[in-house]
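Asks: Sharing a structure below in structure tokens format, with a few things to ask.
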Amino acid sequence: MTRTIEPIEQRTPPLRRPGWRQTFGQDLGASLVVFLVALPLCVGVAVASGVPAELGIVTGIVGGLVVGLLPGSSLQVSGPAAGLTVLVADAVATHGLGALGLIVLGAGLVQVLLGALRCGTWFRAISPAVVQGMLAGIGLVLILGQLYPLAGAAQPVSTWAKAAGLPGLVESALTTPAGLSALAVGVLTVVVMTLWQRAPRRLRIVPGVLVGVVTAAAVALAAGLDVRRIQVGNLLEQVQLPNFSLLGAGVLGSALVFALVSSAESLFSAAAVDRMHSGPRTRYNQELVAQGVGNTVCGLLGALPMTAVIVRSAANVNAGARTKASRVLHGVWLLLFAALLPGLLTYLPAAVLAALLVHAGWKLLGLRAVAEMLRADRAEGAILVLTAGLIVSTDLLTGTLAGLLAAVLKTAWDVSHLSVTVTPQGPEDEVVVLRGNATFLRLPRLLAVLEGLPLTKHVRLDLTGLRHLDQACGQAIDHWVARHREAGLDVHVVRAE
């Protein structure tokens with residue numbers, strides 16, 4: 001009697017994704033955590049950018065309700081980002097608040113186009129030195145600007161004025177009642193956030209950002225400190241349609257810069273978030289389209305630009321989120337809070353938000369990563385320093401473009417690097433060894449060495465160390481060998497197999 005044995009793969013039930021009933025509880029809890037982290041950051045980024053606080057909340061709501069529903073990445077959370085603060089502040093100072101919506105709308109449309117053209121994965125090909133330099137430069141500018149509200153003072157407009165005013169700021173912060181009060185509240189925020197990281201793991205489900213903000217605000221209120229506080233009104237009063245009469249070359253240029261920077265930040269964040277969980281991986285082109293749709297909506301509402309934000313995304317993952325429902329719900333909570341309880345934000349000192357952004361700027365600066373890159377590769381470190389330095393001294397676009405150009409030039413040097421050594425072997429023989437990449441960029445140097453050899457000597461030409469030999473150099477070598485042999489001299493060429 002024979003028996004048919006069912007294959008193992010048929011007897012094993014197929015894996016099923018958990019249904020929404022199994023994940024809703026975790027997503028609901030995570031959404032509350034992300035909401036509590038996002039709320040002060042939305043307001044803080046808006047205030048630091050020089051726009052009404054309500055516009056930051058609008059962008060957070062769009063990031064949850066619009067981008068949260070779209071495909072791309074399942075767990076990263078979008079909203080106004082500290083990394084765009086410098087860009088927004090410069091754009092508003094140059095073109096006015098009325099042009100912000102038009103710039104963000106243009107940036108969103110560019111992102112949608114880039115995603116449709118499947119350019120999303122190309123953003124991962126940017127040199128790490130340029131990326132780190134861009135983040136470090138943004139972090140430095142952010143810190144430099146937020147030190148002023150942290151000390152209860154109004155910040156100057158230009159970067160140089162901010163740097164020049166630091167001695168006076170220190171004196172004011174340490175000698176005036178307003179400066180001491182604001183500084184104490186801000187320092188308390190950072191200290192509580194830092195110490196909270198050492199709390200028991202079961203307590204750290206509550207994010208340190210929330211604990212620091214609530215603690216500092218409560219202390220300031222209980223002590224009756226005279227500090228400047230946030231003013232938040234009706235969201236609908238701040239929403240305005242784009243003014244297309246302001247369209248011009250400067251606005252279009254700003255839109256392109258917004259699109260490129262926000263896209264890069266979103267996709268870098270996606271790569272980082274993917275390493276934090278084992279769920280579905282980010283589909284970069286779809287995520288770029290989703291970010292573009294979100295920025296298009298924000299532009300139509302006159303709100304701040306958005307990116308995927310690593311702080312909120314990390315909080316979402318660490319809080320146990322399983323699906324995109326958590327980020328959609330966080331947008332619902334932002335909308336309900338703005339509609340029902342906006343008055344609670346008036347208890348929030350401006351110095352607390354400044355402390356959050358100084359902390360965010362410090363993380364963007366990433367001194368440890370900068371030091372490691374400087375030790376590992378001096379050329380890459382120089383590109384990093386150049387990018388960051390020019391961002392601080394000029395603007396983000398100039399610094400980033402200069403860094404990209406430097407990275408391209410370094411790559412061209414590395415790719416075309418050619419070592420040519422000539423070693424005498426007795427009175428009548430020479431050994432010429434070529435190593436590296438023989439490209440047309442190195443042809444003048446190669447010809448100078450070869451043509452400098454006397455036509456009275458026998459030559460052994462060793463090409464085994466070449467990684468690449470292009471047509472221009474190959475033809476030049478063949479011509480030189482033929483000329484030597486016509487003179488009756490022996491030329492022995494050793495080529496790689």
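The values are calculated or read from the model by the stated rules, or taken from the named source; none is laboratory data. Quick caveat: nothing in here was measured; it's all calculated off a predicted structure. Because the Cβ atoms are built from the backbone with ideal geometry, glycine has one as well, and the counts that use them run over all protein chains shown. Accessible surface areas use protein heavy atoms only, side chains included; no ligands, DNA or RNA. Shrake-Rupley method; radii C 1.70, N 1.55, O 1.52, S 1.80 Å.
Asks: Would you mind classifying segment 137-189 by shape? Square roots of the alpha carbon gyration tensor eigenvalues, ordered a ≥ b ≥ c; an a/c under 1.5 is rounded, otherwise it is prolate if a/b is larger than b/c and oblate if not.
Replies: Oblate, because a/c is 1.5 or more while a/b does not exceed b/c.
Asks: Further question: Magnitude of the Cβ-charge dipole of segment 85-226, K/R +1 and D/E -1, about the Cα centre, nearest 20 debye?
Replies: 720
Asks: Give me the extension gain from residue 281 to residue 490: residue separation times 0.36 nm, minus the current Cα-Cα distance, reported in nm with one decimal.
Replies: Additional length available on full extension: 69.1 nm.
Asks: What whole number of Å gives the distance from the Cα centroid of segment 239-288 to the Cα centroid of segment 32-90?
Replies: 12
Asks: Under a point spin-label approximation (7 Å from Cα along Cα-to-Cβ), what is the residue 229-residue 455 distance to one decimal in nm?
Replies: 9.3
Asks: Let me ask you something else. Kindly report the accessible area of segment 159-209 per residue (heavy atoms of protein chains, probe 1.4 Å, no ligands, DNA or RNA), in Å².
Replies: Values: 3160 Å² over 51 residues.
Averaged over the residues of segment 159-209, the accessible area is 62 Å².
Asks: Hey, another quick one. Cα to Cα, under 23 Å, and not fewer than 8 places away if on the same chain: which lysines meet these conditions relative to residue 162?
Replies: 363
Asks: Also, I was wondering about something else. Just the accessible area per residue of segment 447-497, please: how many Å² with a 1.4 Å probe?
Replies: On a per-residue basis, 61 Å².
Asks: Now, a different point. Measuring from centroid to centroid over Cα atoms, what is the spacing of segment 196-221 and segment 143-178 in Å?
Replies: Cα centroid of segment 196-221 versus Cα centroid of segment 143-178: 27 Å apart.
Asks: Considering only protein heavy atoms and a probe of 1.4 Å, how much of the accessible area of the chain is carbon and sulfur, as a whole percent?
Replies: 64
Asks: Among DSSP beta bridges whose residues both lie in the chain, state the antiparallel percentage, nearest 5.
Replies: Taking every DSSP beta bridge with both residues in the chain, the antiparallel ones total about 45 percent.
Asks: For the chain, what mean projected area does the convex hull of the alpha carbons give, in nm²?
Replies: Mean orientational projected area (the chain, Cα hull): 38.1 nm².
Asks: Note down the nm distance, to one decimal, between modelled labels 7 Å out along Cα→Cβ at residue 464 and at residue 116.
Replies: The two pseudo-label positions are separated by 5.7 nm.
Asks: Give me the extension gain from residue 239 to residue 161: residue separation times 0.36 nm, minus the current Cα-Cα distance, reported in nm with one decimal.
Replies: Taking 0.36 nm per residue and subtracting the Cα distance, the gain is 24.9 nm.
Asks: Can you give the extra length, in nm with one decimal, that the chain gains between residue 482 and residue 198 once fully stretched, where that is 0.36 nm per residue apart less the Cα-Cα distance?
Replies: Working: separation 284, 0.36 × 284 = 102.24 nm, distance 7.43 nm.
Taking residue 482 through residue 198 to full extension adds about 94.8 nm, to one decimal.
Asks: Another one. Taking the simple approach of a point 7 Å from Cα along Cα-to-Cβ for both residue 187 and residue 376, what is their distance in nm?
Replies: Once both label points are built, they end up 3.6 nm from each other.
Asks: Nearest 500 deg cm²/dmol is fine: what mean residue ellipticity at 222 nm does the chain get from its DSSP H runs of n ≥ 4 alone, each adding -39,500 (n - 2.57), divided by its residue count?
Replies: Only helices count here, giving -20500 deg cm²/dmol.
Asks: Can you list which of the DSSP-assigned H helices in the chain have a Cα extent of 27 Å or more along the long axis and an average Kyte-Doolittle score of at least 1.0?
Replies: Those that clear 27 Å and a mean of 1.0 are 20-48, 128-150, 177-196, 249-274, 396-416.
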